[in-house]
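Inspection log for the structure reproduced underneath, given as structure tokens.
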Amino acid sequence: MAAKQLSNEIEARIRQLWPRFPEGKAGRALCLPVLYMAQEQFGHVDAEVIDLIAARLELTPAHVTGVSTFYFMINKDRPGRYHLQVCTNIGCQLMGAYDVFDRCKARLGVSNRQTSRDDNVTLTEVECLAACGFGPVAQIAERGKPEIPLYFENLDLKKIDAILDALAEGRVPTELGN
Amino acid sequence: MGWFDVKIISEHFGVPEAKRLEYYESKGGYLNARKATAMAPESIAAEVQASNLRGRGGAGFPTAMKWSFVPKDAETVYLVVNADESEPGTFKDRHILFWNPHALVEGMIIASIALKVRNAYVYIRGEMAREYRVLQAAIDEAYAKGYLGERIFGSGVSLDITVYRGLGAYICGEETALLSSLEGGRGWPRLKPPFPAVKGLWGQPTIVNNVETIANLPWIVEHGGKAFADLGVGRSGGLRIVSVCGHVNKPGVYELPLSITGRQLIDEVCGGVRGGRKVKGVIPGGVSMPVLAADELDVPFEFDALQKDERIREVEVRPGQKFDLGGGRTLRTMAGSGGVVVMDDQTDITKAAWRIVHFFAEESCGQCTPCREGTGWLAAVAHRIAFDHGRAGDVDLLASISDGIAGNTICALGDAAAWPTLAFVTKYRDEFDAKVRTASLHHRSSPHPAPSHAPAAPHDEGGGA
Ligand SMILES: Cc1cc2nc3c(=O)[nH]c(=O)nc-3n(C[C@H](O)[C@H](O)[C@H](O)COP(=O)(O)O)c2cc1C
Ligand code: SF4
Ligand code: FES
């Protein structure tokens, strides 16, 4: 397999953002944006990706690793094709989020932060997604489709079943999301 | 007069085109930024001073006063808008970003002129992918029109706005953690002082303001600070955007007078409690804030009233002993982030309390021992109580752990975990005690002893409140 390379898109974005930070500070400041974009490109951030980023931004791999492990949204392991993230925080809990989350676990045969055997869905319990009035809420991301992350609101067992059915068929039910 | 006669930020919420520059300008948008380019920075600051605008991010700090801390001879000043909104129960900034991004951009232009800022940033929560796209599109439109960049509106003022995305860490909403993150590091809070207004981003004076705070500025420039102050109550100017969730018939985001009480908010704005039930408790400003009991809802949801009104009980560390907020001050509650959580009489308060401390334990950055260890311990004990494994003395333990965290940490996340816990125990002591009592009865007759630690995956027992 050919060695990994940051995409042209990332390179263009680095050049565009670089002047927005003061002299000598840009490389470090771009650590988060580049981590995020690299995850979009590769699906997750492993040691090889860390080295690429460190070399490109003139940072130590130790710094980039420290940053990448601090932040929840950076995946160390490759998630399934779909990443289903269910909020169980207070606003959603009050509206039955744990029933929804338990249904996901049962149907996918996984516990929190695990991927279904067919590599299709990774399930993660997440904290408040700032949609608390429309809880329970979930967010779905699709590998290789950065335009996706969609919110699914006012979930109940019927709606989550429909969502899980669609994911099993290989499709994000955008008609149910926003 | 209804509650909805005046609106500052939310008037066009729900109108699909409202996020477009053309629509915004057709309603008078950007006239105030244009006007500000011809104003002296001091006169903008004077209007903000007269407006009694207070920060909408959580602390309610007077905006003009914060701005005045920037050293007068500073060469480089940064403006950073806090769009990290992640305080559970709070979802107002997300609505502003999605429905009225140009009000934020215009407000940032005005603030930047007042503070002599050349480079401004918006730190937006990583999960808000949709809002990021909308905001970036709005900024791109403003650049295309010459409202951002070099010599905006043809004036001598230049301003760049850069949107910076977080990567999923609640603590990055705390202003010093936010700055650590924006510099490209871990989101670790820093000790204050020095305050960011003196020494912030890359060591330079930096003003961090919330999205809603900044989005009020165009109105203040248009109508004058006094008009804004007149809309408010006492030392708090303007209206407030609250987000209401939980057991009400019409949850949502509402821009309301600060004089509205909790009771009016629930009954007159949100259509009452679902199923005609009664209220058990209301969190007035995000889960960091002490809960209000059902008989404490006739106080206006205004910064000073929620802190001082004697109809709200003082939070205790044990029955009869008031919690000391420092300097002999006591704690009732605070307006916080405007995130209102309504819990009806069917709610298991112990489970709600557990979910809240569980959140803080997950989100502690781990820098200080009282917070790192204390929040984890709180979560374990609260879990034990909520899921029927509570032991004698556990309720007092919750309170004493909280008391040990509060005031002893680098940032306010420690207090944010301790205060609501103390309030839950103060106001719903009977429910906590009853849970522990039933647990001990249950386990005396059970052949299986209760586990000595909280299970690794607490929600395996079903976490519904
Ligand atoms: C743990 C913690 C989390 C916070 N999260 C946010 C947040 O998500 N958004 C926000 O505007 N302020 C948040 N704040 C408050 C900020 O530190 C800061 O006071 C605020 O952004 C200042 O803006 P304002 O003066 O306009 O309110 C948080 C504070 C703490 C201690
Ligand atoms: S109080 Fe908690 S979150 Fe804040 S700096 Fe200390 S450990 Fe980190
Ligand atoms: S509590 Fe679930 S979105 Fe806020």
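Within the set B:E47, B:E11, B:E22, B:E75, the sole residue that is surrounded by 13 or more Cβ atoms within 10 Å (Cβ to Cβ), out of contact with any helix residue (DSSP H, G or I) (no Cβ under 8 Å at 6 or more places or on another chain) and either of a type outside the set (A, V, I, L, M, F, W, C) or in the same structural domain as B:T333 (by TED's automatic domain parsing) (or both) turns out to be B:E11.
Picking from residues in region B:187-209 that are closer than 26 Å to A:S68 by Cα and crowded, with 21+ Cβ neighbours inside 10 Å, the one that is nearest to ligand 3 (Cβ to nearest atom) is B:G187.
For region A:163-177, indicate whether the set of residues that are under 16 Å from the mean Cα position of the chain (by Cα) and not hydrophobic (A, V, I, L, M, F, W, C) is non-empty. No, region A:163-177 has no match at all. Pairing each residue of region B:16-45 that is part of a helix (DSSP H, G or I) with any residue that is among the basic types (K, R), provided the two are 6+ apart or on different chains, yields C-beta distances under 9 Å for B:A18/B:K27; B:L21/B:K145; B:E25/B:K145; B:P41/B:K116. Of the residues making up region B:157-195, those that are free of Cβ contacts under 8 Å to residues at least 24 places away in the same chain and either in a loop (DSSP other than H, G, I, E, B) or within 10 Å of ligand 1 (Cβ to nearest atom) (or both) are B:E183, B:G184, B:G185, B:K192, B:P193, B:P194. Taking the criterion of being facing chain B (nearest Cβ under 9 Å) and more than 14 Å from B:L201 (Cα to Cα), the residues of region A:21-38 that qualify are A:G27, A:L30, A:C31, A:L32, A:P33, A:L35, A:Y36. Look at A:R113 and say whether it is among the charged types (D, E, K, R), without any contact (Cβ under 8 Å) to a residue 24 or more places away in the chain and either farther than 23 Å from B:F98 by Cβ or buried (at least 23 other Cβ atoms within 10 Å of the Cβ) (or both). Yes: the conditions hold for A:R113. Going through (1) more than 14 Å from ligand 1 (Cβ to nearest atom); (2) small (G, A, S); (3) within 12 Å of chain A (Cβ to nearest Cβ) one by one, B:A138 falls short only on (3).
Of B:V279, B:V273, B:V299, all but one fail to be surrounded by 23 or more Cβ atoms within 10 Å (Cβ to Cβ) and modelled with pLDDT of 95 or more; the exception is B:V279.
The set of residues in region A:102-146 that are more than 18 Å from B:V340 (Cβ to Cβ) and touching an Asp or Glu at 6+ places or on another chain (Cβ under 6 Å) comprises A:N112, A:P146.
Checking each residue in region B:168-186 for being on the phi > 0 side of the Ramachandran plot and crowded, with 24+ Cβ neighbours inside 10 Å picks out only B:G184. Evaluating B:E222 against the criteria (1) away from chain A (no Cβ under 14 Å); (2) more than 16 Å from ligand 1 (Cβ to nearest atom); (3) free of Cβ contacts under 8 Å to residues at least 40 places away in the same chain leaves one unmet condition, (3).
Of all the criteria given as (1) part of a helix (DSSP H, G or I); (2) among the aliphatic types (A, V, I, L, M); (3) buried (at least 24 other Cβ atoms within 10 Å of the Cβ), the one not satisfied by B:V134 is (3). When the residues of region B:75-91 are filtered to those that are near ligand 1 (Cβ under 10 Å from one of its atoms) and not in a loop (DSSP other than H, G, I, E, B), the one that is farthest from B:T206 (Cα to Cα) is B:A83.
Sort out which residues of region B:363-372 are within 11 Å of chain A (Cβ to nearest Cβ) and in contact (Cβ under 8 Å) with a residue 60 or more places away in the chain, and write them in order of number.
Restricting attention to region B:363-372, the residues satisfying the condition of being within 11 Å of chain A (Cβ to nearest Cβ) are B:363, B:365-366.
Result: B:E363, B:C365.
Listed conditions (1) among the polar types (S, T, N, Q); (2) at pLDDT below 95; (3) under 21 Å from A:E153 (Cα atoms) are all met by A:N75, apart from (3). Scanning region B:309-328 for residues that are modelled with pLDDT of 95 or more and of a type in the set (K, R) turns up B:R311, B:R313, B:K322. Residues of region A:154-176 being away from every other protein chain (no Cβ under 11 Å) and assigned to a loop (DSSP other than H, G, I, E, B), which ones? Residues satisfying the conditions are A:L155, A:D156, A:E169, A:G170, A:R171, A:V172, A:P173.
Being assigned to a helix (DSSP H, G or I) and in the same structural domain as B:N82 (by TED's automatic domain parsing): is that true of B:A120 here? If you could, list the steps in order and put the result at the bottom.
Values: assigned to a helix (DSSP H, G or I): no; in the same structural domain as B:N82 (by TED's automatic domain parsing): yes.
So B:A120 fails the test.
The values are calculated or read from the model by the stated rules, or taken from the named source; none is laboratory data. Values in this document were obtained by computation on a predicted structure and should not be read as measured data. Virtual Cβ from ideal backbone geometry, glycine too; neighbours counted across all protein chains shown.
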